[in-house]
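Accompanying notes for the structure given below.
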Amino acid sequence: MSKKPSKLRLILRFMPGALPWFLVTIAFSALVMFCDMVMPQIVSVTVDSVLGGLPFALPASVLALLGGENALRGPQSGLLLMAAAVAATAIVAALARYVSRVAGTRGSERYVQSMRDALFSHIQKLPFAWHTKNRTGDIIQRCTSDVDQVRGFVTGQLVEMVRILFQVGFSMAAMFAMNAALTMVALGFVPVIFGYSCFFSWRIQKKFQAADEEEGTLSTIAQENLTGVRVVRAFGRERFERDKFERQNETYTMAWVNLGGTLSWFWTLSDFIPILLSMVLVALGSVSAVRGEISAGQFIAFLSYAAMMAWPLRQLGRMVSEMSKAGVSIDRLNHILSAPAEQDRPGAVAAPLKGGIAFEHIRFGYSPEKEILHDVSFTIPAGSTFAILGGTGSGKSTLMHLLNRLYELPEGGGRITIDGIDIAGMKAAALRDQIGMVLQEPFLFSRTIGENIALSLQQPDEKALRAAAADASLEETIAEFPLGFSTVVGERGVTLSGGQRQRAAIARALIKDCPVLVFDDSLSAVDTKTDARIRAALARHRGKATLILISHRVTTLMAADQILVLDGGRVAELGSHEELLARGGIYRSVWDLQMQGGEREHE
């Protein structure tokens, strides 16, 4: 497992495309902040100088811009000028706020777009073994809710934090210039805010992680129910599935209620402390104003700056809670982005294959504790038809997963070669492009039948499409649909029967014209007559491609050049149909049992 990048590194990773917009956001936010800082000064000058008669504490350039002291001394003209200054400042602030929000929105969307693209791209590169260990619903939840959580923090809280630091700094400077003693009182509240924020941050992070994981479990239950809707209906499991969902929903709800209780305490304190700060400053500031240590206008401006400082500190406390939640989401996204991608060995080749396959002393298990294949060895000549028969769990499909490098052989687990080349030294993409696989439970995309069959083609080929459909005994079925090859099969091919889905998958494999074709129990859902027609079509591929047939149905395998019988992950028998019948072993027993079932009459 590769080392996980730091949280900061992950945040910065997706920043380049959005950074210009965020800089614009910060710049115009700074302009808004400047306007907010000017407002109390206007009020202070109005109270102390325009109405109170005190000297104007304004730069000469500003006085000249406002028409000079004489214009400001008149109560009517002075108030009008101050009102105009307030209006102008408010207009500038409003325009700056608009630009800031527009730029922030664009930066936000660019940021999250980069993150989603990177996540999806990396997921495509992860090995099959990683996907088998991670639940689909949880992966989806990480790529949606967790991405939005990080987006909200980066584009909202992080940009806001920069603005707050500037605002607190300028507010403090202005307050010190007016009254240092009162400012020191205000600063005394800062450690208190940071102290309780750090305490609650730890608690919030743990509870948010628990809630996030429960949401992933809930998403998985919903996803499995929707994809397995046929099974749910067929077995009348609606009530069971509903109860299962409601139990998990209750657990998920209570996790958020528990988190909400902690956040309520946190937010209550973060609201109370700034209010307490204002109360203390009003009390002490009133005494200072009575003593003449601070003018009335300055006192009003000081309270305004104190409120400007208190509000960011209050928001800073809330940001700590958001940072805690974002930290959990970043860790969950790191789980995906730090997972090692599937990589070819240095010097890997992409040679064209003829199809001569050799399994040499294969030992493999999905976990170190349980080995499935035990010293399995056999060879398949190029252009021949090879069949594999075995009971459930004997390792038939595992062999094909290893051939396609969906799983890698462990050290000392033997080797698999094609045309004498160790597949571990081949480029995985080139290897898989030359092996056509049809699984027992084929997956069809929510597209048209034609698009599903021609999935591997760069350009649609009507002639090849019809030829593949004919070989898969699917042409007549397609002709029955009003839209023919343009018929949309629905999600996971739900509008087709099991046999139709299998035949569509067979056509998808045949149209690639691969040197190696693997049929992993892919005729189990078709009737014996259709089975025979498809096998006749496959027979025409003899010499053109190496065919590997896996099936429980002996009649599907009997015409193969060689038949391998697996028993408990070991090679029990190997030979032609006639040779295995003559031996009277496992193959003969299965043959006799199935022939008694009446399969012979369908041949």
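Read-outs throughout are calculated quantities, based only on the coordinates presented, and are distinct from any laboratory measurement. Please read all numbers here as calculations on a predicted model, not as lab measurements. We place every Cβ from the backbone using ideal geometry, glycine too, and count neighbours over all the protein chains shown.
Here are a few things to note about the model shown:
- The distance between label points at Thr379 and Asp117 comes to 5.0 nm (points 7 Å beyond Cα on the Cα→Cβ vector).
- Candidate lysines for bridging to Lys463, where Cα separation is under 17 Å - those fewer than 8 sequence places away on the same chain excluded: Lys512
- Residue (of Leu182, Ala468, Leu165) at the positive-pole extreme of the chain, dipole from beta-carbon charges: Leu182
- Over the chain, relative contact order from alpha-carbon pairs under 8 Å, at least 6 apart, %: 14
- Mean separation of Cα contacts under 8 Å, 6 or more apart, over the residue count of segment 132-272: relative contact order %: 38
- Paired Rg and Dmax values of the chain, which use every Cα atom, in angstrom: 36.4, 122
- Cross-link partners of Lys207 among lysines, defined as those whose alpha carbon lies under 16 angstrom from its own and excluding same-chain residues fewer than eight positions apart: Lys325.
- In this label model, His361 and Val190 are separated by 7.1 nm, measuring between points 7 Å along each Cα→Cβ vector.
- Cβ-derived FRET efficiency at R0 56 Å, Val290 paired with Arg432, nearest 0.05: 0.10
- Mean separation of Cα contacts under 8 Å, 6 or more apart, over the residue count of segment 318-385: relative contact order %: 25
- Net lengthening on full extension, Ala350/Thr251 (0.36 nm per residue, minus Cα-Cα): 30.6 nm
- Beyond 31 Å in Cα-Cα separation lie the following of the pairs Lys133/Lys396; Lys7/Lys244; Lys125/Lys529; Lys133/Lys544: Lys7/Lys244; Lys125/Lys529; Lys133/Lys544.
- Screening the chain for whole DSSP H helices with an alpha carbon extent of at least 30 angstrom along the helix axis and a mean Kyte-Doolittle hydropathy of at least 0.0 yields 19-45, 75-125, 238-290, 296-337.
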